[in-house]
């Protein structure tokens, strides 16, 4: 689906027209509400790094970007806006979104440590061959999440707050730096 259709899912969940599981749960509705606000905020204030914009603008071949995500995913909300902004910089890039839990999802081909962690960005060439995949989080956020997961002295809400604080402080820099390196590497391999 197009990014706009994915973003419309948030509103259909919040206005009650989509009550399919897990959106029949107040907790999940609250996650969607927070994530919609995060995406809107990053769309408004998120700044692209000049080196990342330059790498994206150098892409001179068709690329298909597939973002596997879900409206309830907090990590995805912090990455979504930056991925969308980057894709819009170059007409050679088409971005589509897949819901992880949809029947046609490709998530089983892109597991993280055996799990269906999201978001996952899969970047393909014009023939549909994978150039690289990224996700579910920037490396520093992933390391923090793993440390937090093992910290039994913190409750789940404090762990979530610590990870959200990391994203707010990072301001999208890490995802852009990581994608810049992957794009530069893939461009060298294409030539």
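The values are calculated or read from the model by the stated rules, or taken from the named source; none is laboratory data. Predicted model, so just to flag it, every value in this text is computed and none were measured. Reconstructed Cβ throughout: ideal geometry from the backbone, glycine too, with neighbour counts over all protein chains shown.
Take residue 66 and tell me if it is outside any helix (DSSP H, G or I), in contact (Cβ under 8 Å) with a residue 60 or more places away in the chain, in contact with a strand residue (DSSP E or B) (Cβ under 8 Å, 6 or more places away or on another chain) and under 30 Å from residue 185 (Cα atoms).
no
When residues of the range 146-160 are filtered for being surrounded by 13 or more Cβ atoms within 10 Å (Cβ to Cβ), part of a helix (DSSP H, G or I) and free of Cβ contacts under 8 Å to residues at least 40 places away in the same chain, how many remain?
Just the residues of the range 146-160 that are surrounded by 13 or more Cβ atoms within 10 Å (Cβ to Cβ), to begin with: 148, 154, 159-160.
Now narrow it down to the ones that are part of a helix (DSSP H, G or I): 148, 159-160.
Checking the rest, the ones that are also free of Cβ contacts under 8 Å to residues at least 40 places away in the same chain come to 148, 159.
Number satisfying all stated conditions: 2.
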>> Quick test for you: out of 84, 75, pick the one residue that is touching a residue at least 40 places away in the same chain (Cβ under 8 Å) and either outside any helix (DSSP H, G or I) or over 19 Å from residue 28 (Cβ atoms) (or both).
In response: 84
> What number goes with the only condition from (1) more than 30 Å from residue 27 (Cα to Cα); (2) loosely packed, with under 15 Cβ neighbours inside 10 Å; (3) modelled with pLDDT under 95 that residue 183 does not pass?
Replying inline: (2)
> If residue 22 satisfies every condition in (1) under 27 Å from residue 168 (Cβ atoms); (2) in contact (Cβ under 8 Å) with a residue 40 or more places away in the chain; (3) in a helix (DSSP H, G or I) but one, which is the exception?
Replying inline: (3)
>> Tally up the residues in the range 87-141 that are farther than 16 Å from residue 71 by Cα and part of a strand (DSSP E or B), please.
In response: 14
> What pairs can you find where one residue is in the range 125-144 and in contact (Cβ under 8 Å) with a residue 12 or more places away in the chain and at positive phi, the other is surrounded by 14 or more Cβ atoms within 10 Å (Cβ to Cβ) and assigned to a loop (DSSP other than H, G, I, E, B), and their Cβ atoms are less than 9 Å apart, with a gap of 6+ or different chains?
Replying inline: 135/110; 135/117; 135/118; 135/119
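Residues to consider are 14, 48; find the one that is in contact (Cβ under 8 Å) with a residue 12 or more places away in the chain and over 20 Å from the mean Cα position of the chain (by Cα).
Values: 48 fails: over 20 Å from the mean Cα position of the chain (by Cα).
None of the other options fit; the residue is 14.
One line per residue, one yes/no per condition, for (1) more than 18 Å from residue 81 (Cα to Cα); (2) exposed (fewer than 13 other Cβ atoms within 10 Å of the Cβ); (3) modelled with pLDDT of 95 or more; (4) in contact with a strand residue (DSSP E or B) (Cβ under 7 Å, 6 or more places away or on another chain):
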| site | (1), (2), (3), (4) |
| --- | --- |
| 23 | yes, no, no, no |
| 37 | no, yes, yes, no |
| 42 | no, no, yes, no |
| 49 | no, no, yes, no |
| 60 | yes, yes, no, no |
